[in-house]
Amino acid sequence: MKFNYSRVSFHSFVHEVRFIIIFYIIGDWASTWYALPYGEEFNPLPALILEHYGIFSLLFLKIILILGLFLIFPLIKLFPAKWDFTKHVIEFLGIMATINNIMVVWYGNSFIQAMGWF
């Protein structure tokens, strides 16, 4: 199975993942960067990455995720319901992570802590 990547498909992909880029990549990373002096990262994997490699390595991993999505984009677009589900889950996680980080800055408590999960 061969896929044809072109400038049109790249623009189509960027349009499809624009909210992932806004919330999961930019929103979560920037709010994490801003919120770290006010608290700590509770997710063990990002906490380990942040501790050993720094905040920019987290951004690098998020960009790798987007590149991975771009590589499977032609294949997953063959299944619109699965693509929509995947896209919306990542968008939702980005929105929740951004809200969580903003709450740490504004209230000194995260959404996860307010819910009693940690």
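FYI, it's all coordinate maths here, none of it is from the lab. No experiment lies behind these values; they were computed from the predicted model shown. All Cβ positions, glycine included, derive from the backbone under ideal geometry; neighbour counts span all protein chains shown.
Taking the residues in segment 60-82 that are touching a residue at least 60 places away in the same chain (Cβ under 8 Å) and surrounded by 13 or more Cβ atoms within 10 Å (Cβ to Cβ) as candidates, determine which candidate is nearest to TRP29 (Cα to Cα).
PHE70
Candidates ILE99, ILE95, ILE90, ILE25: the one that is free of Cβ contacts under 8 Å to residues at least 60 places away in the same chain, assigned to a helix (DSSP H, G or I) and of a type in the set (A, V, I, L, M) is ILE99. Scanning segment 29-49 for residues that are among the small types (Gly, Ala, Ser) and either farther than 13 Å from ALA97 by Cα or in contact with a helix residue (DSSP H, G or I) (Cβ under 7 Å, 6 or more places away or on another chain) (or both) yields SER31, ALA35, GLY39, ALA47.
Which condition number in (1) loosely packed, with under 13 Cβ neighbours inside 10 Å; (2) of a type in the set (D, E, K, R); (3) closer than 21 Å to VAL89 by Cα is the one that GLU16 fails? The one condition GLU16 does not meet is (1).
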